[in-house]
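The structure appears below as structure tokens.
The values are calculated or read from the model by the stated rules, or taken from the named source; none is laboratory data. Here the structure is a predicted model, which is why all the values come from computation and not from measurement. Here the Cβ is made from the backbone with ideal geometry for all residues, glycine too, and neighbour counts use every protein chain on show. Areas reflect the complete protein model, heavy atoms only, side chains present, ligands, DNA and RNA absent. Shrake-Rupley method; radii C 1.70, N 1.55, O 1.52, S 1.80 Å.
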Amino acid sequence: MPYELIATLMFATMMLMLLTGQRVFGAIGFVAVVAALLLWGDRGGFDIGFAAAMKLMKWYPLLTLPMFIFMGYVLSESRIADDLYRMFHVWMGGLRGGLAVGTIGLMVLISAMNGLSVAGMAIGATIALPELLKRGYDKRMVTGVIQAGSSLGILVPPSVVLVLYAMIARQPVGQLWLAGVVPGLMMATLFIAYIAIRCRLNPALGPVLAAEDRDIPLPEKLRLLRAGLLPLVIFAVMMVPFVNGWTSLVESSAIGALAAFSAAVLKGRMTREVFENSVRNTLGITCMFMWIILAALAFGAVFDGLGAVKAIEGLFTERLGLNPWVILILMQLSFILMGTFLDDTAMLVIVAPLYVPLVGALGFDLIWYGILYTITCQIAYMTPPFGYNLFLMRAMAPPEISIQDIYRSILPFVLVMVLALVVVMIFPQIALWLPEYIYGP
Amino acid sequence: MDGMIRRYIHAVDAINRRVGRVVMYGIFVLMGILLWSTASKAFLLPSLWTLEMAQFAMVAYYVLGGPYSIQMGTNVRMDLLYGAWSPRRKAWTDLFTILLLMFYLGVLLYGAVASTAYSLGYFGSSPFSFFGALAVGSEDIGVMERSSTPWRAYLWPIKTVMIVGILLMLLQCLSEFLKDVLLLRGKVD
Amino acid sequence: QEPIRWRFQTYAGAALGEHVTKPIIDYINAASNGEMEIELFYADQIVPTGELFQALQRGTIDAVHSDDDSMASPTPLRQFGGYFPFATKHILDVPVLFNQYGLADIWREEYAKVGVQWLSAAGQDPCNFNTTKEIKSVADLDGLRLYTFPTAGRFLTKFGVVPVNIPYEDAEVAVQTGELDGMAWSGITEDYTVGWANVTDYFLTNNISGAWIGSFFVNQERWNELPENLKQLVMAGIEAGHTYRNQWYWGGEARLRARGDKLELRTVPAAEWAEVENAAKEFWDEVAGEGEINAKIVSIFRDYNEVVNQAGPPYTNG
Ligand SMILES: NC(=[NH2+])NCCC[C@H](N)C(=O)O
Ligand code: NA
Ligand code: NA
């Protein structure tokens, strides 16, 4: 059987297995070992699954994963962000759509304190969402605000997705993280602009806060600004030593986790329950990631053994004879498409090794490409049918919000993200300027 | 019959829950190792063993914690179709697909056993009989595998932990399978 | 008829593998007239380097290019592959040691015991240092975190080096993320070829070994199955690869020291570096005491070293 056919078959079987609703890691792992056994038989077919475990062990940047996950849970479980939310609430409430705009601001700060988007989701859904609804904000808009805003968690550093990408593309995490800053802020600005325009056109979507709610003495208002210090401190404690090379990546992640934990303790928020939930959920989510990567690595090794990299290169460059930009756009489209169905980590571990060498060979910058990939992930997280943030939102949204509401509220934000993707594609400097400024070109 | 099934489910869930609840504190072990690494670098001489030790800790954390994560339901599924199905329909599908998942775990387990045998110096192709022979004393431990770091850690301990973890994972999946069986037989309270 | 297919994994990443392994594979594939098709995989592609040997025994991988040390060979030869401190001065010392002083027989025998066919060894580049921090004296080694081989690392801890072992392809990024201060892994040719010269600033011309010892291995059954003409062909391809590498490194080390513009050269005065060489003498004694085979190999090194010292330059210039 020609290799291309085997590869396609593997992919198709995996998709089918995923559709049955079995756990993602099981679906991928099963296809991987069966393919290995069929192709390699007892000449190694039995070992490839476990060899992946040893490879995984050696991927030391993954040590950051539980740290960042723990950080995120401590932040959301301890409700340390309540003050932050009040700050935005009071300062932005006077504008049309101001609370929604403030929510995006909140999400940016939370993104700077954790590496995933789950924490932002949880905080947004528990603190911001009820308030927004109570103040008469349009339910067709608000869930989108929270999903889109929280997805910044993987673009603004620290970012777990960029760590995973860094391992696969073999690019420095520091540069990648810095490359995410400006696009992240740009995207936040675009979200804000979108909200502002919508609310200007139709003030009923985001009414101005009632006067008595805003009538707060100035000193009090200024005092609230202090809440903004916490994220800055946590961000700095983690990033400054790292960017300066005083601590390594994995060490910085432990410092960040310690900082978030200490902040919660000092603020008296580290109750038994918060502690229990953070520790337990960190295990759960870390296991989810690790078992998926474990299975995907085995899948990837078989794929690699089939010579899929060469096949893809041959297909794009020789057989189709495409221009580099067309290839790049096709790749992004395929990522977006796959991302709607497939787990992003699995997608990264399986597909990126096929794409990245080609992207590099075509002369594109791999740091920049990491940002494109991350934005794609953000889109994947919230688009049906399969999206982690979507799952969470469906689980956490109050009953008056239907699935249809959620889907509809996402659409405009997805379009904004696609716009951002295009802009970063056309102007790579948006991503590359900061890392080049700090680390030199 | 049902009674036995129930007892199995009860026992396995209890064991895995306990194991999971112990290893979940491993996050602090990991944090401790990494912070020690930071501190030792800043103040004394950087230590040789921290990175590798952290890697071992991480493996123990996610492999031994796996079954508990299954219990918690954190291993995501693609719920495009699945999400809308009735509990019975879900159970029916899972009944089959979890066997495939268990097949994967079985292959993983075989690999782990073979690799552990290797780490004890067995170079043949029937690892299970090696362990059998080892147990009765007719086979000896050979060249023990050590990691290719200057710390030269022996690898059999972490590999053994992996065998245990994967085995527990298999037992947990069997428990999930049996829960579906009970549900489909209408034996769920 | 169907070609014989092998999966071959090399220790090197793609950029270096292009020179150290790929020419051999291309040669064999082209010359076998369709009888043989070897697929080449680079560092950690199919199995992680630490598992290479095991994978080779089982047949997950059919053949391997690596050194005994980094693939964690389960033989007493383990420490002598890669860079055994000051065992060699030049790239050609390696084939001489193997073919004229008897190492080849020892290697063949020891690997037969663990079910693997050893084919051939050759020298490559010396083990210099490329670092982000300047090394001007032996004392500057203290506290450096370096990517290096297990045995070289064990030796270098005598000077306060903190050896770090990570997947080959991750080393460059690890310098950028602060996990590493540099490498004690290669000569200057490799530094430029794989991109390490882009992330480090200094190159120390002193070395701790004059040539890397690397070997080609095949799964025993695969080798036995191979018809005689193809065995010859494989050996010829490997020999051709040795010749190519000899020139590539010999020329590259000179040219890049002289003309390269990415690394500044540093040299510790020979009189001071003698401290490191003397430490190696003790290290040899230490290792020789660990077993019979060890003692035999160390005595071969001593013997050859004596010959070289009596012969004088150019043999003695490291
Ligand atoms: N590949 C995954 N399993 N991703 C889960 C994480 C998704 C989540 N919304 C995040 O960024 O935080
Ligand atoms: Na972040
Ligand atoms: Na999606």
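Observations
- Compared with the dominant Cα axis of chain C, that is its longest principal axis, helix C:292-311 is turned about 60°.
- Rounded Å value of the spacing that divides the Cα centres of the stretch C:156-200 and the stretch C:73-100: 22
- Once B binds A, the 1.4 Å probe can no longer reach about 5700 Å² of accessible area, counting both sides.
- Helix A:24-40 vs. chain A, principal-axis angle (Cα, 0 to 90°, nearest 10): 10
- Radius of gyration over Kirkwood radius for chain B, both on Cα atoms: the Rg/Rh ratio is 1.07.
- Of all accessible heavy-atom area on chain B, the percent that carbon and sulfur account for (1.4 Å): 69
- Between 0 and 90°, nearest 10: helix A:429-439 axis offset from chain A longest Cα axis: 90
- Grouping the Cα pair distances of chain C into 20 Å bins from zero gives a pair-distance distribution of 33, 59, 8, 0 percent in increasing distance order.
- Descending Cα extents along the principal axes, the stretch A:1-123, whole Å: 68, 31, 22
- Amide H to amide H, with H built 1.01 Å from N, C:Arg266 comes under 5 Å of C:Phe203, C:Leu204, C:Thr205, counting only residues 5 or more places away or on other chains.
- Largest to smallest in accessible area, the residues A:Glu212, C:Glu282, C:Glu169 fall in the order A:Glu212, C:Glu282, C:Glu169 (1.4 Å probe, all protein chains included).
- About its Cα centre, the stretch A:273-396 has a charge dipole of approximately 180 debye under the convention of +1 per Lys or Arg Cβ and -1 per Asp or Glu Cβ, with nothing else charged.
- Other protein chain C-beta atoms within 10 Å of residue C-beta, averaged over C:174-184: 5.
- Taking chain C as a Gaussian network of alpha-carbon nodes connected by springs under 10 Å, the highest mean-square fluctuation of the residues C:Asn207, C:Asn198, C:Asn294 belongs to C:Asn198.
- Gaussian network model of chain A, Cα within-10 Å springs - most flexible of A:Leu190, A:Leu152, A:Leu38: A:Leu38
- Scattering profile of the stretch C:83-170 at q = 0.11, 0.18 Å⁻¹ [log10 I(q)/I(0), Debye over alpha-carbon scatterers]: -0.44, -0.94
- Summing Cβ point charges (Lys, Arg +1; Asp, Glu -1) relative to the Cα centre of the protein assembly as shown gives a dipole of roughly 3580 debye.
- With the largest listed first and rounded to whole Å, the semi-axes of the equivalent ellipsoid of chain A from the Cα gyration tensor are 38, 23, 22.
- Farthest toward positive dipole pole in chain A [+1 Lys/Arg, -1 Asp/Glu at C-beta], among A:Gly45, A:Pro231, A:Val243: A:Pro231
- Centre separation in Å (Cα based) which lies between the stretch C:201-267 and the stretch A:1-66: 34
- Projecting the Cα positions of C:Gln176, C:Leu204, C:Asn165 onto the charge dipole of the stretch C:161-209 (unit charges on Cβ atoms of Lys, Arg, Asp and Glu, taken about the Cα centre) puts C:Leu204 furthest along the positive direction.
- Taking every alpha-carbon pair in the stretch A:268-403 and binning the separations at 10 Å intervals from zero gives 11, 30, 32, 16, 9, 2, 0 percent.
- Antiparallel content of DSSP bridges confined to chain C, in %, to 5: 50
- Taking amide H as placed 1.01 Å from N in the peptide plane, C:Leu146 has its amide H under 5 Å from the amide H of C:Val162, C:Val164, C:Asp181, each at least 5 places away in sequence or on another chain.
- Selected from C:Phe53, C:Asn229, C:Val114, residue furthest toward positive end of dipole (chain C; charges at beta carbon): C:Asn229
- In the protein assembly as shown, the alpha-carbon atoms span a convex hull of 177 Å³ per residue.
- Dividing the C-alpha radius of gyration of the stretch C:1-71 by 2.2 N^0.38 Å, with N its residue count, gives 1.09.
- Partner lysines for C:Lys22 [C-alpha distance under 17 Å; skip if fewer than 8 residues away on the same chain]: A:Lys310
- The slack in the chain from A:Ile403 to A:Val423, taken as 0.36 nm per residue of separation less the alpha-carbon distance, amounts to 4.2 nm.
- Spatially proximal lysines relative to C:Lys262 (Cα-Cα < 19 Å; intrachain offsets below 8 disregarded): C:Lys133, C:Lys136
- The convex hull of the Cα atoms of the stretch A:72-191, projected and averaged over all directions, covers 7.2 nm².
- Couplings for the stretch A:256-261, taken from phi via the Karplus curve 6.51 cos²θ - 1.76 cosθ + 1.60 with θ = phi - 60°, read x, 5, 5, 4, 5, 4 Hz in order; Gly and Pro are left as x.
- With bins 5 Å wide beginning at 0, the percent of Cα pairs of the stretch C:33-120 falling in each bin runs 3, 12, 22, 23, 17, 14, 7, 1, 0.
- Here the Karplus curve 6.51 cos²θ - 1.76 cosθ + 1.60, taken at θ = phi - 60°, turns the phi angles of the stretch A:341-348 into couplings of 9, 10, 4, 5, 5, 4, 4, 5 Hz, with x standing for Gly and Pro.
- Test item: B:55-68 mean partner chain Cβ contacts at 10 Å: 5
- Taking chain A and dividing mean pair separation by its residue count, relative contact order in percent (alpha carbons under 8 Å, at least six apart): 25
- Partner lysines for B:Lys159 [C-alpha distance under 25 Å; skip if fewer than 8 residues away on the same chain]: A:Lys55, A:Lys58, C:Lys113
- Karplus-derived 3J(HN,Hα) values for the stretch A:410-420, using 6.51 cos²θ - 1.76 cosθ + 1.60 with θ = phi - 60°, are 6, 3, x, 5, 4, 4, 4, 5, 4, 4, 4 Hz; glycine and proline are entered as x.
- Distant-in-sequence amide H partners of C:Ala12 (H built 1.01 Å from N, under 5 Å): C:Ala43
- Helix-derived mean residue ellipticity, 222 nm - over chain A, DSSP H n ≥ 4, -39500 (n - 2.57), to 500: -24000 deg cm²/dmol
- Order by protection proxy (mean Cβ within 10 Å, highest first), peptides C:146-154, C:10-18: C:146-154, C:10-18
- Debye, to nearest 20: dipole size of the stretch B:1-160, +1 on Lys, Arg Cβ, -1 on Asp, Glu Cβ: 500
- Whole-percent carbon and sulfur share, accessible surface of the stretch A:315-441, 1.4 Å: 72
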